[in-house]
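Step one of this worksheet: look at the structure below.
Please treat every number below as a calculation from the coordinates, not as lab data. Small disclaimer: the values here were computed from a predicted structure and weren't measured. All Cβ positions, glycine included, derive from the backbone under ideal geometry; neighbour counts span all protein chains shown.
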Amino acid sequence: MTKKWSDRFDKGLNPFIEKFNASIEFDICLLEEDLDGSIAHARMLGIQGIITKEEANKLENGLQQIKKEAEDGFFQPTIADEDVHFAVEKRLIDLIGPIGKKLHTGRSRNDQVGTDLRLWLRKRIDEIDIYLERLQVSLFLVAEQNLYTLIPGYTHLQRAQPLSLAHHLLAYVEMAQRDRNRLKDVRKRVNISPLGAAALAGTPISIDREITSSELQFQDIYSNSLDAVSDRDFAVEFLGASALIMAHLSRLSEEVILWATEEFGFIKLTDRCATGSSLMPQKKNPDVPELVRGKSGRVFGHLQAMLTMIKGLPLAYNKDFQEDKEAIFDSVKTVKDSLIAISILFEEGLIFRKEKLNQAVSSDFSNATDVADYLVAKQIPFREAYQLVGRIVKTSLEEGILLKDIPLERWKTFHQYFEEDIFQKLLPSSVVEARLSSGGTGFERVQEQLVFWREKLFK
Ligand code: ARG
């Protein structure tokens, strides 16, 4: 038989419903934060004279003992405990007797769970920041080695203009920096204390919310008790920031997967991050980026689920909120694991094939814009030059030759302004070198960016 919920009830829960209702299986990971929150609350009750100093000490010692038990693996709540908050309170009463029943004075599980979740997420945000920085460093170190390595640049996945490989990789370093800044901003709104909002309306007991807030190192307290217990905006924002991290990782993954194909052949996967096929002996598969690309969907889904979960909820607490936890926990794990996996991939999982890259940028028409720019420098209007080069590309394609193979006399028939120096301009390295506009792929500009990031990442 299940226990009746309280003396207001006559019967216990249907056993299936008891399990359905319980969150202990997943909210147990909030244990440390629940204990910290309760210790702060107990101290405050003592300071305010709501309970005696001795009682406050007893509560705190009991809570510390539960911490110890948890570390030693002796704290084993069951489904009957319902959630981490009840599990702790019950164990406290077992340990220190009836005084334990004073802990929940002037507090509700509604402000308690909000406090726990914010404390937990605040730590995880700080950890994710470290993993984002590791990703930046991994990408940067490959970039730094490859300022003069060229890679085809694409638009519409059609060859466009060649790039410095460093420039390409630094684009992802920039994205990761925005991800870090976004999380830093989200953290400000995670870092506000709802503790003391009680069930929804505040409490007649003379608590001091500032004491618990500063004890738990929150930046501020919620000004409205209803908002305090009902706000899950911080969770949506966190999942939004996480979804963008995964979107960035997924785009990078997709590029790595393409680069590793026979058709592109820009990288070789090392044995550290690739697997074979159970059937085809020749295969080497890019599992790591594929998994990360696949996992992005989980986080996008959690964001959608969170928005859907809150959208119809009247104030204040509703049990629906219990669903916020698994979405956050799974997203944190997915983001962390994916960041680490992609970092390892760039640290030891792939090698750029420079001869292949060189061959790729030397055998296409991605220097065509530069022919037009050559004429523009001689005062030909751009659109006119563009049309002319279009015709030159067309005839070259028909004849099966590249621009670099057109003899000078032939260039002269296209336009009298073409001189011997056109051949220098057609070199892929000249094409890249020339793009010196700020933020461009010109070696000088990219070198400045490498200096900037070395300074920032290794200060
Ligand atoms: N386990 C609950 C949750 O995660 C704790 C809050 C319960 N509050 C309540 N009024 N039933 O949301």
Residues L157, L375, sorted so that the one with the fewest Cβ neighbours within 10 Å comes first: L157, L375
Pairwise FRET efficiency - D129 versus D405, Cβ, R0 = 51 Å, nearest 0.05: 0.50
Ranking of V236, V186 by count of other Cβ atoms within 10 Å, fewest first: V236, V186
Fully extended contour minus Cα-Cα distance, from D337 to D94, at 0.36 nm per residue: 83.6 nm
Sequence-distant aspartates and glutamates (8 or more away, or on other chains) whose Cα lies within less than 20 Å of K284: E254, E255, E262, E263, D271, E347, E348
Largest-first ellipsoid semi-axes for the range 263-417, taking √(5λ) over the Cα gyration tensor eigenvalues, angstrom: 52, 27, 12
Radius 14 Å from Cβ of V190, net charge of other residues (Lys, Arg +1; Asp, Glu -1): -1
Relative contact order, percent, the chain [alpha-carbon distance under 8 Å, six or more residues apart]: 15 percent
Long-range amide H partners of T275 with built H, under 5 Å: N285, D287
Lys, Arg +1 and Asp, Glu -1 on Cβ, resulting dipole of the range 306-375 about Cα centre, debye, nearest 20: 180 debye
Rounded to whole Hz, the Karplus (6.51, -1.76, 1.60) HN-Hα couplings of the range 247-257, x for glycine and proline: 5, 5, 5, 5, 5, 4, 4, 4, 5, 4, 4
Residues of type aspartates and glutamates that K378 reaches as a straight line, Cα spacing below 14 Å, ignoring anything fewer than 8 places off in the same chain: D370, E419, D421
Rounded to whole Hz, the Karplus (6.51, -1.76, 1.60) HN-Hα couplings of the range 212-218, x for glycine and proline: 5, 4, 6, 4, 8, 6, 7
Neighbourhood net charge (15 Å Cβ-Cβ; Lys/Arg +1, Asp/Glu -1) for L307: -4
FRET efficiency, S223 to D320 (Cβ-Cβ, R0 22 Å, nearest 0.05): 0.35
Folded to 0 to 90 degrees: helix 443-457 orientation relative to the chain principal axis, Cα: 20 degrees
Set of lysines with alpha-carbon distance to K404 below 18 Å, sequence-local pairs under 8 removed: K394, K412, K425
For G153, residues with placed amide H under 5 Å, excluding near neighbours: A160, Q161, L163
Expected 222 nm ellipticity per residue - DSSP helices of 4 or more, -39500 (n - 2.57), all of the chain, to 500: -19500 deg cm²/dmol
For the range 22-39, 3J(HN,Hα) per residue [Karplus equation, 6.51 cos²θ - 1.76 cosθ + 1.60, θ = phi - 60°, Hz, x = Gly/Pro]: 6, 10, 4, 4, 10, 7, 4, 6, 8, 3, 4, 5, 5, 5, 4, x, 5, 5
For the range 134-172 versus the range 384-429, the gap between their alpha-carbon centres in whole angstrom: 28 Å
Rough spin-label spacing in nm, given labels placed 7 Å along Cα→Cβ, for K354 and D271: 2.4 nm
Exposure proxy order (Cβ contacts within 10 Å, fewest to most) of M44, M280, M309: M280, M309, M44
Cut-off 15 Å (backbone N to label point 7 Å along Cα→Cβ of R8), residues of the range 223-242: none
Neighbourhood charge, 14 Å Cβ-Cβ cut-off, centred on R293 and excluding it, Lys, Arg +1 and Asp, Glu -1: -2
